[in-house]
There are 2 protein chains.
Amino acid sequence: MPYKAPVRDLTFFLNEVLEIDRYTNQAGFSEVSSDLVQQILEEGAKFAEEVIAPLNRTGDAEGCKLEAGVVTGPTGWKEAYHQMVEAGWPSLTCDPEFGGQGMPSIVGMAFGQFTAAASAAFSMYPGLTHGCYEALHANGSPEQKAKYLPKLATGEWGGTMNLTEPQCGTDLGLIRTKAVPNADGSYSITGQKIWISSGEHDFVDNIVHLVLARIEGAPAGIKGISLFVVPKFLVNDDGSLGERNGVECVGLEHKMGIHGNATCVMQYEGAKGWLVGQENKGMAAMFVMMNEARLGTGLQGLAIATAAYQAAVEFANDRLQGRSLTGPKNADGPADPIIVHPDVRRMLLEAKAIVEGGQGFVLWTALQADLQRSEDEAVATKAKDYMALITPVVKAYLTDRGFHATSLAMQVHGGSGYTEHFPASQYLRDARITMIYEGANGIQALDLVGRKLPQNGGRAIMSWFGDIDAYVNEQSGNEAVKPFIEGLAESKKALQEATMWLMQNGMQNPDNAGAASTDYLHIFGLTALAYVWAQMAVAAQKQIDAGSSDPFYAGKIATGRYFVERMLPDVGAHLKKLKTGADVLMSVPAAAF
Amino acid sequence: MPYKAPVRDLTFFLNEVLEIDRYTNQAGFSEVSSDLVQQILEEGAKFAEEVIAPLNRTGDAEGCKLEAGVVTGPTGWKEAYHQMVEAGWPSLTCDPEFGGQGMPSIVGMAFGQFTAAASAAFSMYPGLTHGCYEALHANGSPEQKAKYLPKLATGEWGGTMNLTEPQCGTDLGLIRTKAVPNADGSYSITGQKIWISSGEHDFVDNIVHLVLARIEGAPAGIKGISLFVVPKFLVNDDGSLGERNGVECVGLEHKMGIHGNATCVMQYEGAKGWLVGQENKGMAAMFVMMNEARLGTGLQGLAIATAAYQAAVEFANDRLQGRSLTGPKNADGPADPIIVHPDVRRMLLEAKAIVEGGQGFVLWTALQADLQRSEDEAVATKAKDYMALITPVVKAYLTDRGFHATSLAMQVHGGSGYTEHFPASQYLRDARITMIYEGANGIQALDLVGRKLPQNGGRAIMSWFGDIDAYVNEQSGNEAVKPFIEGLAESKKALQEATMWLMQNGMQNPDNAGAASTDYLHIFGLTALAYVWAQMAVAAQKQIDAGSSDPFYAGKIATGRYFVERMLPDVGAHLKKLKTGADVLMSVPAAAF
């Protein structure tokens, strides 16, 4: 069975949990209805399943090729990319002013799960382009917007994000790429950027590079970084393409996975670039794209896990091996399917609980992205607070648990999973990068405890705790879902305790915050999923109480029960570890490692 | 820095924890002294570092090639293999009667860690050969022993283990390979075996295949399986090689890792084979090799983690990025080395705690392997009990945590780790198989709770609990290592509680045992490592108390402290999960996955 987009799971969350029809009075939702969303997702599912998914293994096996600066994608990828552009998918959530369809993020982040699951490497071509579109939309001058946005919105042109250099990944203050002002107001950009996803390829006529560089004489460190737009081909005033710019792909990385995506070494040699936003404020401008990329990466890690989980379920149903511990379940066959074994079910349910909980978490986050634009200031502020707070959790927790789920999916396959004959290996290899790029997960954890938590005096987390408390109270009489509500309340209590510990110990010694950060992020992620699972259980139970015998609802409750009983206990272990503080880590001399 | 064999860590455990000089009165130890072991390990380290380690990446990049039944290994591997044979390493622990050096298992399992870390794929050639040697040594007829053992002992010939067929991996009762008796007492073997590690290669003159097959008319299932020795070239009575046998490699698996090892599809077409041991008792005979392979796999998973950890430490010391949270530590440089960051240290210390704890666990297990041969019946019985009980834990726990450690090692590298330019990717890809082959980890967990625990009325586990209790009592006044002893006592208490739960619930419903098995195995593994770490802490503290200022001892205590504070808390989470029982897993209908 090839990948099957989980339309029902997502529309259940959108319609029965988030109840998106409630938001028609919010900016961006005026033309949105649950019916329309359903229709879009069904079409999107078809596209992901039929056009993109079949390319995934080809991409892994062939990878990309570089010859004299020209990068060629795997067989069939260019054609599929064009099909995608023609079908209008890249512009789904773009601004109608620039040719977009104006759909809200919840629709984009639902469809995005389908494409990333169908092929993570393929989805990075439109993914980076969209990030570039958003950054220019937020920070570009009117001329820049007019010049680049329409073609980026449709996907006719590609977009990239150029941050990393050989000497700097996480620490962008070390950037050396230089920008020298030209007489015409443009800049000459010179330097090398590495690990540039979709940096060069043959799918599009032009590629718009967003490049962090240092203007001559700028202050040292992060405060001297500016953002530039550097097109592969210069764009004439009439929109036609002009001369080739001084930027070239000089190398492709040989990577463990995502082979179908060209990870490029980009050499800028006096390339013409134009300042985006203000001088020396490049980091702030780039953060629009980086935040989008972080959410996209969380979604990607989760999406790969979804596909890996599906492959594992198929294998577990097909593979006949051994007998059930309680007597044959397939007495006429030579053996039982391995899905009869409790430990196989444990692995599958763990992956399923992560995948379905994560899907809801992503959609809830997407809703916050949309509500940021609300005209109701209180709604908008709260949504912005949540976005800031939640972004590192979506990125790091979902990629960490997503990788874990792909590894479980491989394990279900036994030896078959280790051969490249089955898709499990590609999923595992592809998923591993999501824990690293767009800010390694440790950096996300530090961002969470060091920046996002204390922002505005802790307003975001207090507000979130308030929401959870209100929900727990509201559902306190709902006997049928009691374990879900109790689990949520306990997890939230632990998170609160961890937050208090951080306040008391992190200020006094920042190393305590660093030492606690990853465990804190995991408690946060578990609490977020507990919240999602509680809401899904309530919505499913409502249908069951109303007489529905649809096994879909019973399945949701059963999977959620696994989450509560078998995943939430990790909260206590994380809390214990967190409270041990920095000393155990910092007292070891570097030479003792 | 290339791989550096941890001689000091291992000799510390052998000499200062196990105090191997105490065992000279035991069978197999008469010629063993700590000085001799030190000398062997130093030579072995040199060989692993200088001859084997440099081949590892070549093996990954080139893999093996199959042309017309002939398998060629990667560049330089054949030569290194011959160098190893000439140096006498394969015969280290073999029986002097058959040309071996008669060293005990503790020496073999120490040296084995070096070769497996230097190159996991390479070490599988002598590894499988040694397993084949052991199985024939235990079960072969005198003629078979005389014919095969001397050449297997030296490594001049290779050995393999042929169990799996396309329709059966775990469930060997489904084996179809046929054995038809010939008039001369031999059998004609026909069938296909898959995933045969080192199945065919050009390093040796002959390969001795041990093959599970079904003699015509044998009972169905596992009770009709017999073991055969099937040489690639028939061996004449004078020991010279005769005609080519009817066995051929017809395919190589394309795998995620261990590319340098030839994983073969072996086709037997009327190949001449000779029964090893009794008819229809093949499983019991093969279990000698399987148990050895399980220990070897646990060791392998751990060894790869050792090498991966070392690479991560080197990267963390070299990579300058960002500043310490408590002010610059490398003020003259552009940034601090990333080892200043608490979360980087968390990852490194977690890997280090697993690696060094695991090293001790492996050596302790090897000592049991040796003591099985004791003339003191009580000592031998206890050692046999322990071997049976511990084997699935060594295999599954060390490979599970070993893989986790290799993944942490990649994470420390950031984006660099995902490129094939650094060794992190190969370590991760190579390590992943160890959780799967030689009985997937879930099977090990089931073996532990379903077979090993109840054996002899639980004698083994009761004896182990007794040892731990005695040790805890003995050290109860040792204030300096109090947290280690308390941690061990608590973990053992949880394991005891889990064991009671299994007794009460597993009998009544075997699915409860299956559902609890993996969490049980993890509590067991954590307790085993807590025991090892407590003993290492006691030994290190003894030196410190005696005035040693060697940082090695302080380092051991610091790493052990990480284990106690940051890893042992998982025990509680596993216990909680374990007690949820089978219902949460089994009540989900297969269609709901």
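Take the convex hull of the alpha carbons in the range B:158-281; its mean projected area over all directions comes to 7.9 nm². Shown here for the range A:325-418: GluC sites (Glu not before Pro) in loop regions (DSSP other than H, G, I, E, B) with at most 15 other Cβ atoms within 10 Å, namely A:Glu375.
Entry note, chain B: the mean residue ellipticity at 222 nm calculated from DSSP H runs of n ≥ 4, each adding -39500 (n - 2.57), is -17500 deg cm²/dmol after division by the residues and rounding to the nearest 500. Inter-copy label distances for A:Pro142: 10.4 nm (label point placed 7 Å from Cα along Cα→Cβ; shortest first).
Amide H to amide H distances under 5 Å link B:Asn206 with B:Gly158, where only residues 5 or more positions off or on other chains count and H is placed in the peptide plane.
For the range A:160-214, the relative contact order works out to 47 percent when only alpha carbon pairs closer than 8 Å and six or more residues apart are counted.
Helix A:551-562 axis versus longest C-alpha principal axis of chain A: approximately 90°, rounded to the nearest ten. In the assembly of identical copies, B:Val472 has its label point, taken 7 Å from Cα in the direction of the beta carbon, separated from the corresponding points by 3.3 nm (ascending, one decimal). Between the Cα long axis of helix A:459-474 and the first principal axis of chain A there is an angle of about 30°, rounded to the nearest 10.
Shown here for the range A:164-253: GluC sites (Glu not before Pro) in loop regions (DSSP other than H, G, I, E, B) with at most 15 other Cβ atoms within 10 Å, namely A:Glu216. Take the Cβ atoms of A:Glu79 and A:Asp469, set R0 to 60 Å, and the FRET efficiency comes out at 0.70.
Shape summary of the protein assembly as shown, radius of gyration then Dmax from alpha carbon positions: 30.3, 97 Å. For A:Thr326 and B:Lys223, a Förster radius of 30 Å and the Cβ-Cβ distance give a FRET efficiency of 0.90, rounded to the nearest 0.05. In straight-distance terms, cross-link reach from B:Lys178 covers every one of the lysines whose alpha-carbon lies under 26 Å from its own, apart from those fewer than eight places away in the same chain; here that gives B:Lys145, B:Lys147, B:Lys193, B:Lys223, B:Lys232, B:Lys272, B:Lys281.
The Cys residues in chain A with no partner Cys Cβ within less than 4.7 Å of their Cβ are A:Cys64, A:Cys94, A:Cys132, A:Cys168. Short-range pairs are left out: with C-alpha atoms under 8 Å and at least six residues apart, the relative contact order of the range B:473-593 is 37 percent. Summarising the amide proton neighbourhood of B:Leu252: residues at separation of 5 or more, or on other chains, whose placed amide H is nearer than 5 Å comprise B:Val265. Take every Cα pair under 8 Å whose residues are at least 6 apart in sequence, average their separation, divide by the length of chain A, and the relative contact order is 13 percent.
Quick one: helix B:282-318 against the long Cα principal axis of chain B, what's the angle to the nearest 10°, folded into 0 to 90? On a 0 to 90 degree scale, this one is about 40.
The simple Förster model, with R0 at 35 Å and r as the Cβ-Cβ distance, assigns A:Lys281 and A:Gln167 a FRET efficiency of 0.95.
Counting only aspartates and glutamates at least 8 places from B:Lys493 when in the same chain, those with an alpha carbon closer than 18 Å to its own are B:Asp467, B:Asp469, B:Glu474, B:Asp519, B:Glu565, B:Asp570. Using only side-chain charges placed at the Cβ, +1 for Lys and Arg and -1 for Asp and Glu, the dipole size of chain A relative to its Cα centre rounds to 1460 debye. Counting only residues at least eight positions apart within a chain, or on another chain, the lysines with an alpha carbon under 21 Å from that of B:Lys556 are A:Lys577, B:Lys4, B:Lys352, B:Lys482, B:Lys542. Counting other Cβ atoms within 10 Å as a rough exposure proxy, the listed residues B:Ile196, B:Ile338 run B:Ile196, B:Ile338 from fewest neighbours to most.
Between B:Glu497 and B:Glu43, the simple spin-label model (points 7 angstrom out along Cα→Cβ) gives 5.1 nm. Computed from backbone phi with θ = phi - 60° and the Karplus coefficients 6.51, -1.76 and 1.60, the 3J(HN,Hα) list for the range B:500-507 is 4, 4, 4, 4, 6, 10, x, 5 Hz; x is used for glycine and proline. Calculated on C-alpha atoms, the gyration radius of chain A divided by its Kirkwood radius gives an Rg/Rh of 0.97.
No value in this document is a laboratory result; all are computed from the given coordinates. Just so it is clear, the model here is predicted, and its values are computed rather than measured. As a convention, Cβ positions derive from the backbone with ideal geometry for all residues, glycine included, and neighbour counts pool all protein chains shown.
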